Structure formats: C-alpha cells, structure tokens
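Report on the following structure.
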Amino acid sequence: MKAKFVVVGGFLGAGKTTALARLGRRIHDRGLKVGLITNDQAANLVDTGTLRVRGFRVEEVAGACFCCKFDDLAESAERLRLEERPDWLLGEPVGSCTDLVATVVRPLAKFYGDRYEVAPYSVLVDPERARQIVLEKGFGGFSSKVAYIFLKQLEEADLICLNKVDLLPPPKREEIRAALRREFPRARVVLTSGLTGEGFDEWVSLLEAGGPAGARIAEVDYDTYAEGEAELGWLNATLRVGSPRPFDPDRLVRDLVASVAESLRARGAEAAHLKIALETGGGAAVANFVGAASTPSLSQPLGRPASGGRLVVNARVHLDPQVLRGLVDKAIETTLASQGLTAEVEEATQFRPGRPVPIHRFSPTA
C-alpha cells in the first residue's frame, strides 16, 4: 500500500511545525503511522527537536532546500518507508522557498509514484503577513523581493490554509479569506489553527480526497527569488547551558526571545522567524517571535525546572547575518547572566542563503 506524502509549505512564521505536529497526532490517533521530514538551510533545527520530543520519527534534510537536495529528501523518505512503514509522510520545506510544485511535488509524483500517493500541495499562511502583503498590497516589513517569494508560494498552492485563525475575530477572518480567494482563485482556502485544531477536519478530508497534486506550476523569476532569499540573515546556533541549581527553562527561552525581539525592533529589522528551544532529557521549552506586529510567545512550555540542557537558536531576519549574530550573542550573554546560568557554544553558523539550484524542475506542460 502506498504511503500518502503530504508536502506543507508556507513562509517563515506561518506556524507549519505546530500545524504538522497536530496533523501528525490526528493521524496517529486514528491508528496510523506517521513520519516527518524537516528541512533547513543549515543543521540544528528547532523544529526537528520539537517534533521528536512529541514522539514522532523525524528525518532532517539540512544544507539547502528540498528542491536542491531532492535526492536527500528521497533517501530520507525511503528510510522512513522501510524502517517505520508509515501510512503518512509529512514534509516541511524551508519557509523561504518557493517553486516547490515544479521542483518537489511533481518530481515526487513522477519518480516515486509507485511508492507514494502525493497529496494536494498545502501552503500555510500567517494572517498578519496575509493582511500586510495580500490584502494591503504591502511588503510586510520586508522588501518587494522577499514579498515576491511569499506571493509565489501562495500562487502555486492547491490548498491555502489561513492559519492561526484563533487570533482573529470572525470579520477579520472573512476579510483575509476573501482576499486570498480573490487573488488565488485556483486554490481552496481553509481556515485552520495549529494551536486549537480548528479547521483540521476539513483540511484532513481534503488531503484524503486527493486530486491533482501540484496542479499549478508558477512562473518564477529565479533572479528575484534568489535576491529575496539572500536579503534574509540566517543564524543557527547550539549552546550547552549549565547551572549550579535548578532553573525555569520556560522563563529562559521566553526572556531570550523577548530580548532579541527588543533589539530587532530598536534596529527596525523585521524578523521572518525567531525560535529558541531548550532541550532537556525530559522534554523541551520553545519560544518564538514572528515579526514586529506580533509579540514573543512561549509556544511549547516544559512546565518543570531543569538543571541544564541544549539551547538551540534559529533566527531568520531581514538583517546582515553578522549583525544578527552579534545581537543574539549579546541577548544570550545578558539573559544568562541575569538568571545565574552559564553556556558554552557548541556550534554556530550565520549566512545568507545561496541561489537555489533545483535538481529537477518540471515545466508547466510536464
């Protein structure tokens, strides 16, 4: 029997990891097996650890997006298929990537159709970004080239999930949904909340119903795409945190995210996404921040003291990566000192994403 392969895209900060965790749990609770594949431009991804802590088998494709590491994606899927025999495979591509129908969804269906039933391509969207870029025709605090990526993601979607609708009153939901329907009439628009599960019955039903997977290949200007991605500074870092006495990991990650967010606001630098996690032997505390219009939040509390752990920082900001690294280092230094904690850097990398060079790219007529 073929496994259902669900690729879920969407811009940084759309809530993909929370939504995929809930989707995976729903499938698991029906007695079915689930495997997940995460993706990032560099190793040490908060999302991978978060999903593993929740009990999922997770493979990670690091070093470039799925389209540029298609063979790694296929190998990860094959490992999961042979070792776990999942009924559903969920893939989460890098949030700054587009053209995924031509480079990932269609190639999966073409080359691995004997093993996987590729589901309609879903793109999750944050309502605030949708308001700024789709409804108000702005750039969401970024440049026109970054906004171009955001819009191209929506243009190629089979299903658009307007996510985090728990944060919106009904009139705002309908206003943004109407704008998405008007601008992207080929896609089905679903209201969802990864936090509460609202809309997931409809989303799962649409995924199960099948239909064309990647029905539309968008025309993408790779110069604009590459320049837009390169405007984002990327930082992935891990540190080993220690303490002479138990401390509150929820407070630590919340205060760290708030400190970095304050520094970014002072510089007028828009955050696409900032995630900080403290991973311990008993679980993980995770906090995040998704831009100037939002507030830092504790997305996954640990709820108990810890004596140490592995601190993982993922930041994607419209800012020079060296400057970003300096801001984050300063926030870590001052926050740890204020809480009587110490940390040793294990690994850190900061960079701008390189130009996408897909392994496969199908034409609109393929």
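Take Val125 and tell me if it is under 22 Å from Asp221 (Cα atoms) and either buried (at least 23 other Cβ atoms within 10 Å of the Cβ) or at pLDDT 95 or above (or both).
yes
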ask   = Looking at the range 219-265, which of its residues are in a helix (DSSP H, G or I), small (Gly, Ala, Ser) and either modelled with pLDDT under 95 or closer than 30 Å to Glu155 by Cβ (or both)?
value = Ala226, Gly228, Ala230
request  = For residues that are closer than 28 Å to Leu151 by Cα and acidic (Asp, Glu), scanning just the range 25-51, find the one that is modelled with the lowest pLDDT.
outcome  = Asp47
note = Matching residues in the range 188-207 (in contact with an Asp or Glu (Cβ under 6 Å, 6 or more places away or on another chain) and either part of a helix (DSSP H, G or I) or aliphatic (A, V, I, L, M) (or both)) number 2
key: Residues satisfying the stated conditions in the range 118-165, i.e. outside any helix (DSSP H, G or I), of a type in the set (A, V, I, L, M) and more than 18 Å from Gly95 (Cα to Cα)   = Val118, Ala119
inquiry  = Of all residues being within 17 Å of Gly15 (Cβ to Cβ), buried (at least 20 other Cβ atoms within 10 Å of the Cβ) and among the small types (Gly, Ala, Ser) in the range 190-215, which is farthest from the chain's Cα centre (by Cα)? Just the residue, please.
reply    = Ser193
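Among the candidates Arg22, Arg79, Arg54, which residue alone is over 19 Å from Val118 (Cα atoms), at pLDDT 95 or above and either crowded, with 21+ Cβ neighbours inside 10 Å or of a type in the set (Lys, Arg) (or both)?
From the options Arg22, Arg79, Arg54, the qualifying one is Arg22.
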inquiry  = Looking only at the range 304-326, filter to residues that are aliphatic (A, V, I, L, M) and buried (at least 24 other Cβ atoms within 10 Å of the Cβ); which one of those is farthest from Gly233 (Cα to Cα)?
reply    = Leu311
query = What's the number of the condition Glu219 fails, among (1) over 20 Å from Gly49 (Cβ atoms); (2) out of contact with any strand residue (DSSP E or B) (no Cβ under 7 Å at 6 or more places or on another chain); (3) in the same structural domain as Gly282 (by TED's automatic domain parsing)?
reply = (3)
message = Could you go through the range 166-174 and let me know if any residue there is in contact (Cβ under 8 Å) with a residue 24 or more places away in the chain and assigned to a loop (DSSP other than H, G, I, E, B).
response = yes
query = Hey, among the residues in the range 183-218 that are among the basic types (Lys, Arg) and under 24 Å from Lys2 (Cβ atoms), which one's modelled with the lowest pLDDT?
reply = Arg216
ask   = For the range 2-19, how many residues are of a type in the set (D, E, K, R) and crowded, with 17+ Cβ neighbours inside 10 Å?
value = 2
task = Tell me, please, whether a residue that is of a type in the set (Asp, Glu), out of contact with any Gly (no Cβ under 8 Å at 6 or more places or on another chain) and closer than 19 Å to Val146 by Cα can be found in the range 178-191.
result = yes
inquiry  = For Thr295, only one of the following conditions fails: (1) of a type outside the set (Asp, Glu); (2) in a loop (DSSP other than H, G, I, E, B); (3) touching a Ser or Thr at 6+ places or on another chain (Cβ under 7 Å). What is its number?
reply    = (3)
message = Exactly one of these conditions fails for Ser299: (1) within 17 Å of the chain's Cα centre (by Cα); (2) surrounded by 24 or more Cβ atoms within 10 Å (Cβ to Cβ). Give me its number.
response = (2)
message = Just to be sure I understand, how many residues within the range 336-366 are part of a loop (DSSP other than H, G, I, E, B), out of contact with any strand residue (DSSP E or B) (no Cβ under 8 Å at 6 or more places or on another chain) and surrounded by fewer than 16 Cβ atoms within 10 Å (Cβ to Cβ)?
response = 7
remark   = In the range 156-182, residues that are surrounded by fewer than 17 Cβ atoms within 10 Å (Cβ to Cβ) and within 26 Å of Arg106 (Cα to Cα) total 2
task = List every residue pair whose Cβ atoms sit under 7 Å apart, with the two residues 6 or more apart in sequence or on different chains, where the first one lies in the range 117-136 and is in the same structural domain as Leu167 (by TED's automatic domain parsing) and without any contact (Cβ under 8 Å) to a residue 40 or more places away in the chain and the second, anywhere, is assigned to a helix (DSSP H, G or I) and surrounded by fewer than 24 Cβ atoms within 10 Å (Cβ to Cβ).
result = Ile133/Ala147; Ile133/Leu151
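The values are calculated or read from the model by the stated rules, or taken from the named source; none is laboratory data. Just so you know, these numbers come straight off a predicted model, no measurement behind them. With ideal geometry, Cβ positions are generated from the backbone for all residues, glycine too; neighbour counts draw on all protein chains shown.
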